[in-house]
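To start, the structure itself, in structure tokens.
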Amino acid sequence: MSMGDYPRLVIAGTSSGIGKTTATLAILAALRERGRQVQPFKAGPDFIDPSYHQAATGRPSRNLDRWMLGADCNRAIFAHAATNADLSIIEGMMGLFDGSSPVNDIGSTAELAKQLQAPVILVIDGSAMARSAAAMVAGYARFDPALRVVGVLFNRVGSDGHYQLLKAAVEQETDVVAIGYLRSDAAITIPDRHLGLVMATEKGDRQLYHRLAKAALDTIDLDRIETLAHLSGTLPEDGFAPVIKKQGRAVRIGVAQDQAFCFYYADNLDLLESAGAEIVPFSPVNDHALPDVGMLYLGGGYPELHGEVLAKNIALRTSIKRFADQGGVIYAECGGLMYLTESICNFDGHTHDMVGVFPAETVMLKPGLTLGYRTVECSRGCIIGDVGATARGHEFHYSTLVPKGPLTYACTLNDAEGLSKGQDGLTIGNVLALYTHLHFASQPTIAATLIDSARRSLSGSSATPAGEDNGSG
């Protein structure tokens, strides 16, 4: 099967804050209620929007990113996930043409759409315009002849009469089809938080998706959307396949998954499974004992919002500290790193005890956002690779570390332009804790190396490369 057989659409906006996520979720939920198997994707390094995609469709959403992954890997991830879907919906980021440069499309939603030969639906705020909408759509549709803007969806429209004016203007002046609109409605608005939207797992509200689906079914032409999705171009299937197959016996990996730890790339977990892992979810918030596992994966999330309950769960904190002290392999990112320090000082100044693997306190700062793409390179052997091993990811946090004793770092850090951002990767024994969220597909040996590290730990030998001092100090 060629990729041309995979119907797909990119949902893009004229700018950030235009309502792309609401429009995407409404379409996903409505298509699901129609009985369609819809595969969602998100452009860029984002964990929150994909959590809503998954809740709306029942399928894990996949991140696609030019800088972290590259065109071939994007296409491989797309093809793998879209294989058994009726159609795929890719939510863009920022404005359609906004990327890393003001003079080209590198890193933009437009670039990704072209990589995937996917038609684009443009989301526009229609609340305060009529014929001007035609000029806006014409500009976006004609700006890049290699890009196919095939439809427009108007958000924040007050009435059907208003939409008919917008539709008539656009279809008179352009070849772009108006596929419908959404009204302003607080009932389908998702609340914000300091790292973005509140996670879907916290909302726990199936009625939200029924309301979104009803809104789309009422005012969006879903038949037209499905027709437009079949206009996708054909791409070659050959290219990068980020899979390292299983070697040796399976390793059970305890993955922290609850309201405090919820930021994971779906492909990271898939790559671990491909390398021989059995994923065992557990909750640092709710569980009082670790499952029987050979490795722990503590992902990102919001431990600062759940500091009190995490601190009160002394039994689990003690179990994780013991696991680390006994040579257990622990891989942690961002929120997981924060959890492994001695304490977290929240925005309100309250301090809560954490696991205490590393002699440092995590302090929340606002303003204090650290944000950007990162290349991580191992400066010493550790559980993800030998000296010189590299991978790509991103940082996104409002906290900083205050050392309370000697700290050892395993990695150096550069931004997307290659400029140094210092060190990352706190390490002691067989524990590695990064602020950077790595996408394992950027360096597919990482998953296999983590599994091998866990196997060595379980067999009683060092999990880190021979001759490397990996203790603190």
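The values are calculated or read from the model by the stated rules, or taken from the named source; none is laboratory data. If you're wondering where the values come from, they're calculated on a predicted model, not measured in any experiment. Please note: Cβ atoms are built from the backbone with ideal geometry, for glycine as well, and neighbour counts cover all protein chains shown.
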Checklist line | Count of segment 116-140 residues which are in contact with a Leu (Cβ under 8 Å, 6 or more places away or on another chain) and closer than 21 Å to residue 225 by Cα | finding: 13
Check: Would a scan of segment 105-113 turn up a residue that is in the same structural domain as residue 173 (by TED's automatic domain parsing) and surrounded by fewer than 19 Cβ atoms within 10 Å (Cβ to Cβ)?
Finding: yes
Next item on the list: Being assigned to a loop (DSSP other than H, G, I, E, B) and at pLDDT 95 or above is the filter; apply it to segment 70-96 and report the residue that is surrounded by the fewest Cβ atoms within 10 Å (Cβ to Cβ).
Entry: 86
Margin query: So, in segment 140-170, how many residues would count as being in a helix (DSSP H, G or I) and either farther than 26 Å from residue 112 by Cα or hydroxyl-bearing (Ser, Thr, Tyr) (or both)?
Written below: 11
Next item on the list: Name every residue in segment 13-40 that is more than 13 Å from residue 90 (Cβ to Cβ), more than 18 Å from the chain's Cα centre (by Cα) and either at pLDDT 95 or above or outside the structural domain of residue 79 (by TED's automatic domain parsing) (or both), in order of residue number.
Entry: 14, 26, 29, 30, 31, 32, 33, 34, 35, 36, 37
Item checked: Test: residue 360 is more than 18 Å from residue 254 (Cα to Cα), surrounded by 15 or more Cβ atoms within 10 Å (Cβ to Cβ) and either in contact with a Phe, Trp or Tyr (Cβ under 7 Å, 6 or more places away or on another chain) or not charged (D, E, K, R) (or both) -> yes
Next item on the list: State whether one or more residues within segment 41-48 are at positive phi and under 15 Å from the mean Cα position of the chain (by Cα).
Entry: yes
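Give the residues of segment 46-69 that are part of a loop (DSSP other than H, G, I, E, B) and in contact with a helix residue (DSSP H, G or I) (Cβ under 6 Å, 6 or more places away or on another chain), sorted by residue number.
Hits for segment 46-69 are 60, 61.
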Notebook entry, point to check: Can you tell me which of 441, 463, 447 is of a type in the set (A, V, I, L, M, F, W, C), modelled with pLDDT under 95 and surrounded by 22 or more Cβ atoms within 10 Å (Cβ to Cβ)?
Noted result: 463
